[in-house]
Amino acid sequence: MNICFIGTGYVGLVSGVLFSDFGNNVICVDNDKKKIENLKKGIIPIFEPTLDELVKRNYKSKRLHFTTDIHKAIKDSDIVFIAVGTPSAKDGVSADLKNVYAVAKVIAQNINKYKIIVIKSTVPVCTGDEVEKIIKKKNSISKFDVVSNPEFLREGEAIRDFRYPDRVVVGSNNLKKIRPALEKIYEPIIKKGAKFLTTTRRSSELIKYAANAFLATKITFINEIANLCEQVGSNVDDIASGIGTDARIGSRFLRAGPAYGGSCFPKDTKALTMIGNKFKTEMSVVTSVIKSNEKRKSLLADKILKILGNPKNKKVGFLGVTFKANTDDMRDTQCLKIFPKLLKKGVKISYYDPSGEKKELKRLSCKKNSNEILTNSDLVVIHTEWDEFRSLNFSKIKSKKLKIFDMRNLYQPNSFSNKNIVYYSIGRPFYEKKA
Ligand code: UGA
């Protein structure tokens, strides 16, 4: 199959590379010349484990191509995926669709034979209708179909998620015609057991938002239960297993932590409330989730200040600053909302992140490793669950007391033999080893 991906961001690049790995001829298009030149050299613009090897291997085998020539790429393809970004618009809430519509106009100019246009970007319900209208202005409807095929990849786990998804969702108003082609390109995944779910285009668009909003709700729910646990002396990890083993609830996405962040949940939950507004349907659950999640970051900043006592000139070292492990992504990471509150109170902040120094944190001191944080801080905050923070070297803490606030519950409260360590976590009883 000849496939092209327009947009080599997270979704476009990962999906394009893996479709080429399945044996398809894939052209990845971007209007960023530098990015395309780098990709040809095997330089990857994002941090995703093993993606660089896959790019190099498939590029070398000539199944994977990179270009800025969008016109030729569309003309040469049977299936055209739209995978451009849909960030929050200027109002900070709704999805900005200008990239999607711009691409639709270019596709309209380049339909030289029947094509399936697949929207992979996360788009509000009815966007497919708009894209179809744009293309129909220049082409007869018999020459193309617009399909919705949302992605469910997690950053840091994207390769695995692509190869072994729970399901592939395809939404079209002309399923009979498009189904064979879509089934063919997803065949290696379906054979491994993924469900191939088909529905209407609008339902498919909504599935993506509903999935992200539901997962965000689950996380927010357990975070609020964690707050309650702290008041009543219960353990949120036990509550999560106690409810998660009920198959109706499910154990995943019940890890209490520093609020959800990243480029998807915050943006998509807000966009869903806007879709609700547009169709005069109250999204009261999601609205509360957004509010609770925002409040959580301020609540955690207050907790840090409380742990510090007198915060002025106290040294706080953050271990991890990304919104989760195995990514270098700083978009909507929780600490960006925590830092200003601490700095205002005179706290001195340093950080170490395995994915490197961050341009967003120019005013803060970046350390080279976790030991520098452990030995130079009054309080260490474990903000991101990178694997290397699961076995920190506490033997260096000898003289002074070190406070640790573990926002990811990586350690057991009673596991510290070092009496100089005072350990705080999320939603679990406070435990201090007495001298
Ligand atoms: C999320 C979804 O999980 C993907 O299915 C979806 O495709 C993607 O958004 C998207 O729309 O593109 P991602 O944002 O990469 O993926 O990250 P997640 O692993 O879902 O984590 C999101 C946030 O929730 C992180 O801040 C994470 O730390 C937090 N989280 C997650 C928790 O606090 N507790 C949990 O139990 C799980």
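The values are calculated or read from the model by the stated rules, or taken from the named source; none is laboratory data. Source: prediction; values computed, not measured. Here the Cβ is made from the backbone with ideal geometry for all residues, glycine too, and neighbour counts use every protein chain on show. All accessible areas refer to the heavy atoms of the entire protein, side chains included, with ligands and DNA or RNA removed. Shrake-Rupley method; radii C 1.70, N 1.55, O 1.52, S 1.80 Å.
Quick one: net charge of S140's neighbours, Cβ under 13 Å, K/R +1, D/E -1?
+4
Please sort by residue number the chymotrypsin sites (Phe, Trp or Tyr not before Pro) in the range 221-281 whose DSSP state is loop and whose Cβ has at most 13 other Cβ atoms within 10 Å.
Answer in residue order: F279.
In the range 254-306, what trypsin sites (Lys or Arg not before Pro) fall in a loop by DSSP, with at most 13 other Cβ atoms inside 10 Å?
Filter output for the range 254-306: K280.
How much accessible area per residue does the chain have, counting only protein heavy atoms and a probe of 1.4 Å, in square angstrom?
47
What part of the accessible area of the range 294-424, given as a whole %, is carbon or sulfur when the probe is 1.4 angstrom?
Carbon and sulfur: 48 percent of the exposed surface of the range 294-424.
Once amide H atoms are built 1.01 Å from N in the peptide plane, which residues 5 or more positions from I382, or in another chain, come under 5 Å H to H?
When sequence neighbours closer than 5 places are left aside, the close amide H contacts are L319, F405, D406, M407.
What are the residues whose amide H is under 5 Å from the amide H of L402, where those residues sit 5 or more places off or on another chain and H is modelled from the backbone?
I421, V422
With an 8 Å Cα cut-off and a minimum separation of 6 or more residues, compute the relative contact order for the range 294-424 in percent.
Details: 220 pairs, mean separation 32.7, N = 131.
About 25 percent, as a whole number.
Out of all DSSP beta bridges with both ends in the chain, state the antiparallel percent to the nearest 5.
10
Within the range 76-181, what whole-number % of the accessible surface is contributed by carbon and sulfur, with the 1.4 Å probe and all protein chains included in the calculation?
Carbon plus sulfur share of accessible area: 51 percent.
Could you go through the range 163-172 in sequence order and give the Karplus-derived ³J(HN,Hα) for each residue, using 6.51 cos²θ - 1.76 cosθ + 1.60 with θ = phi - 60°, rounded to whole Hz, and x for Gly and Pro?
6, 10, x, 5, 7, 10, 10, 10, x, 8
To make sure I understand the rule: partners must be aspartates and glutamates, Cα under 13 Å from the Cα of K359, and not fewer than 8 residues away in the same chain. Which ones qualify?
Filter leaves D328, D329.
Does the range 2-199 classify as rounded, prolate or oblate by the C-alpha gyration tensor (a ≥ b ≥ c root eigenvalues; a/c under 1.5 gives rounded; else a/b over b/c gives prolate, otherwise oblate)?
Numbers: a/c = 1.31, a/b = 1.19, b/c = 1.10.
Rounded.
For V84, what residues show an amide H to amide H distance below 5 Å, using hydrogens built from the backbone and excluding near sequence neighbours?
Here S121 satisfy the definition.
Counting Lys and Arg as +1 and Asp and Glu as -1, what is the net charge of the other residues whose Cβ lies under 12 Å from the Cβ of K113?
+1
In the chain, once you exclude exposed GluC sites (Glu not before Pro) (DSSP loop, at most 16 other Cβ within 10 angstrom), what's the longest stretch remaining?
1-156
Rounded to whole Hz and in sequence order, give me ³J(HN,Hα) for the range 16-22 from the Karplus expression 6.51 cos²θ - 1.76 cosθ + 1.60, θ = phi - 60°, writing x for Gly and Pro.
x, 4, 6, 5, 5, 5, 7
Convert 10 °C to kelvin, take the viscosity as 1.306 mPa s, use the Kirkwood radius over C-alpha pairs of the chain as Rh, and evaluate the Stokes-Einstein diffusion coefficient in µm²/s, rounded to a whole number.
Answer from the Stokes-Einstein relation: 67 µm²/s.
Could you work out, for the range 294-424, what percent of all Cα-Cα pairs fall into each 10 Å distance bin, beginning at 0 Å and stopping at the bin that holds the largest distance?
The distribution over the range 294-424 is 12, 49, 35, 4, given as percents.
Filter K291/K368; K41/K358; K90/K297; K303/K367; K34/K192 down to the pairs with a C-alpha to C-alpha distance above 29 Å, please.
Correct reply: K291/K368; K34/K192.
Could you compute how much accessible surface M1 exposes when probed at 1.4 Å, giving the result in Å² to the nearest 10?
Result for M1: roughly 80 Å² accessible.
Considering only DSSP states other than H, G, I, E and B, which trypsin sites (Lys or Arg not before Pro) in the range 175-243 qualify as loop sites with at most 10 other Cβ atoms within 10 Å? Please list the in-between numbers first.
Working: sites: K176, K177, K184, K191, K192, K195, R201, R202, K208, K218; in loops: K192.
In loop regions of the range 175-243 (DSSP not H, G, I, E or B), the sparsely surrounded trypsin sites (Lys or Arg not before Pro) are K192.
Residue farthest toward the positive end of the dipole of the range 294-424, with Cβ of Lys/Arg at +1 and Asp/Glu at -1: which of F394, Y352, G309?
G309
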